[in-house]
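Before any comments, here is the structure.
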Amino acid sequence: MSSEKLDEAATLAKLSANPDFMNLHEIVHKARQNLNQNAWDYIVGGVETETTLRRNRLALDSIAFRPRVLRDVSKVDTTTEILGRKLRLPIVLCPVGSLESFHPEGAEPVVKAAAEFGVAHMLSSVCDPGLEGVAKAAPEGLRMFQLYVRGDAAWVDDYVARAIANQYTAFCLTVDTAHYSRRERDIAKRHITGGRRRASGREFQAALDWRTVERIKSKFKIPLAIKGIATAEDAKIALDYGVEFVYVSNHGGRQLDHGRGSADVLPEIAEAVAGRAKIIVDGGFYRGSDVVKAIALGAHLVGLGRMQCYGLAAAGQAGIVRMLELLEDEAMRSMGLLGVTGFGKLDPSYLHAVAPTNPGHVLSAFPHLEIAPYRY
């Protein structure tokens, strides 16, 4: 066996060990131990000044709970239903490119973890083992496919047809990457990630407009999501074209600098959509309480990107399943203490705007990393 294969086998063995994580801090800490600096910076970094990245957390940390008491919360149900499927949590493991930077099998252990636990998975088109490989890995899972446009109309239509043939339940166009951002952590080190290496054909993404949405909706019978919606105006246009999922996202603070935090954007999107489509949101959501806030603000699914990467880097498929178990426990306790018995009972009356107590930071949801043995 070659040294490269031996190294890969050793990595797989390390990541497949049964994790004994008691909280999410331990997962983040283990991920940091397992990753080199380039891979770590790819997870935690953003664009230019990383202002949007910080605002994602500031937006969530600027929301307090308004709990109600003396309600029977002896049974709290954390499940939800989407696309005719019951999910254990209202979560989608959202598209992350180059997952092979964190695990040699790329997206395969992620989609398997999503199916094992019972949440949705959305595959990035710039992630191995690709559309067919991921479908084969978890044929029974709730799988969605996300596309960066790198070709003409026929090229796009081929991907949609392949997604349908492989029983993906929804198709997603990412629309906030017309130009690739200046990710200065990588630039400073002259580090080029896998997604950027495969980025030929970017002119097609830059030229993307609503005509592509119209064509997909007219030609194919598959629910369509538009990822990268950041204003009520664009949400309303998406509805006009019959889009089933309005996906609120600023690309995790990795595209446009000085954008708004996703939780700040979500209320205007929910008002504009007014129940005419489902809403997905991502950007800084790491804890069970974050998921509760998102659903109370009007989201139907919460996307986990960085948290997915932490679990994957910490212990592969088992690390992601354990991460979801901990999130479930946190969300259940938050809802019980709020006085609600399920996500469907939440609304903005359970929330209140406050000044944040924590500085905005990609790791501010994990303050105990500053305490030994987590310090690094």
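Among the residues of the range 226-266, the ones that are part of a strand (DSSP E or B) and either crowded, with 24+ Cβ neighbours inside 10 Å or acidic (Asp, Glu) (or both) come to 7 in all.
Scan the range 333-375 for residues that are in a strand (DSSP E or B) and open to solvent by 80 Å² or more (accessible area, probe 1.4 Å) and jot them down. Hits for the range 333-375 are 352, 353. Looking only at the range 318-334, residues that are among the hydrophobic types (A, V, I, L, M, F, W, C) and out of contact with any Leu (no Cβ under 7 Å at 6 or more places or on another chain) come to 3 in all. Among the residues of the range 167-176, those that are open to solvent by 10 Å² or more (accessible area, probe 1.4 Å) and touching a residue at least 60 places away in the same chain (Cβ under 8 Å) comprise 169, 176. For the range 194-212, does any single residue satisfy the condition of being over 25 Å from residue 324 (Cβ atoms), of a type in the set (Val, Ile, Thr) and at pLDDT 95 or above? Looking for residues that are over 25 Å from residue 324 (Cβ atoms), of a type in the set (Val, Ile, Thr) and at pLDDT 95 or above, one finds at least one in the range 194-212, hence yes.
Here residue 200 meets the list (1) open to solvent by 40 Å² or more (accessible area, probe 1.4 Å); (2) part of a loop (DSSP other than H, G, I, E, B); (3) without any contact (Cβ under 8 Å) to a residue 40 or more places away in the chain almost entirely, failing just condition (3). Of the residues making up the range 137-155, those that are crowded, with 20+ Cβ neighbours inside 10 Å, over 16 Å from residue 177 (Cα atoms) and touching a residue at least 60 places away in the same chain (Cβ under 8 Å) are 142, 144.
Going by what's in this entry, would residue 134 be described as farther than 30 Å from residue 319 by Cα and open to solvent by less than 10 Å² (accessible area, probe 1.4 Å)? Considered against the rule, which asks whether it is farther than 30 Å from residue 319 by Cα and open to solvent by less than 10 Å² (accessible area, probe 1.4 Å), residue 134 comes out as no. Being within 13 Å of residue 283 (Cα to Cα) and either outside any helix (DSSP H, G or I) or among the small types (Gly, Ala, Ser) (or both): is that true of residue 59 here? Yes: the conditions hold for residue 59.
Please list, ordered by first then second residue, the pairs with beta carbon atoms under 7 Å, 6 or more apart or interchain, first in the range 324-347 and over 14 Å from residue 118 (Cβ atoms), second among the polar types (S, T, N, Q) and open to solvent by 20 Å² or more (accessible area, probe 1.4 Å). From the range 324-347, the pairs are 326/23; 330/289; 334/289; 343/80. Exactly one residue out of 20, 41, 7, 72 is of a type in the set (Asp, Glu), modelled with pLDDT of 95 or more and either farther than 24 Å from residue 116 by Cβ or not in a helix (DSSP H, G or I) (or both): that is 72.
The values are calculated or read from the model by the stated rules, or taken from the named source; none is laboratory data. Small disclaimer: the values here were computed from a predicted structure and weren't measured. Methodologically, a virtual Cβ is constructed for each residue, glycine included, from the backbone with ideal geometry; neighbour enumeration extends over all protein chains shown. Surface accessibility is based on the protein's heavy atoms, side chains included, excluding ligands, DNA and RNA. Shrake-Rupley method; radii C 1.70, N 1.55, O 1.52, S 1.80 Å.
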